[in-house]
Amino acid sequence: MLLSLRRRWRQWRRGRPFWGGLFAVLAGAEICALPLAPLKVMLQQGIAGIPSVLMGIVMIVLGLTAWFSPAQRNLAGVLTTLIATAALVMSNLGGFLIGTLLGILGGGLMFAWQPNATAPRPSPEPPDSVPPQSPAPTGTTAHPDPQGAQP
């Protein structure tokens, strides 16, 4: 039972940009939590904290999007990187640089992730169904021109 759960978790995790999404969620939580911190920790106050909360929420949503809709990983990765960079200026140095660095790393991992494309193995054909090849004419190559040009 436990082995089956572990195998399903591993299969789910490998089928999507898991680490990029995790870093984006952590970056969003860091950027979003700082405006809610005590006054002594904050660098900005008042209305300036609203963009921080909004950028943090959007980064969390983008990280979850990468997990649950891997087809949208490229857009989520680019937007996460852009928002993390904007957070550097707009929200307490991007969560004291931690949120910005995690966001840039997560966005890059989301953008760079590729699904594991295992090519299906072709079924072997019986040898008698292979058509006989005619010998190549003299003076030409044995392979056709990929652009279809005739000599």
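Can you compute the modelled spin-label distance between R8 and T85, with each label point 7 Å from Cα toward Cβ, in nm?
For the pair R8/T85, the computed spacing is 4.1 nm.
Could you tell me the calculated FRET efficiency between S69 and A37, based on Cβ-Cβ distance and R0 = 22 angstrom, to the nearest 0.05? Write down the numbers at each step before the final one.
Values: r = 32 Å, r/R0 = 1.45.
My answer for the efficiency is 0.10.
Based on the Kirkwood radius over alpha-carbon pairs, what is the Stokes-Einstein translational diffusion coefficient of segment 62-119 at 10 °C with 1.306 mPa s viscosity, in µm²/s? Walk me through the intermediate numbers first.
On the way: Rh = 11.6 Å.
Once the numbers are plugged in, D ends up at 137 µm²/s.
Could you give the length gained by full extension between V78 and V61, i.e. 0.36 nm per residue of separation minus their alpha carbon distance, to one decimal place? Show your work: numbers first, answer last.
Working: separation 17, 0.36 × 17 = 6.12 nm, distance 1.35 nm.
Going from the current span to full extension adds 4.8 nm.
We did not get these values from a lab; they are worked out from the coordinates using the rules stated. Bear in mind that the values here come from a model prediction, so they are computed numbers and not experimental data. As a convention, Cβ positions derive from the backbone with ideal geometry for all residues, glycine included, and neighbour counts pool all protein chains shown.
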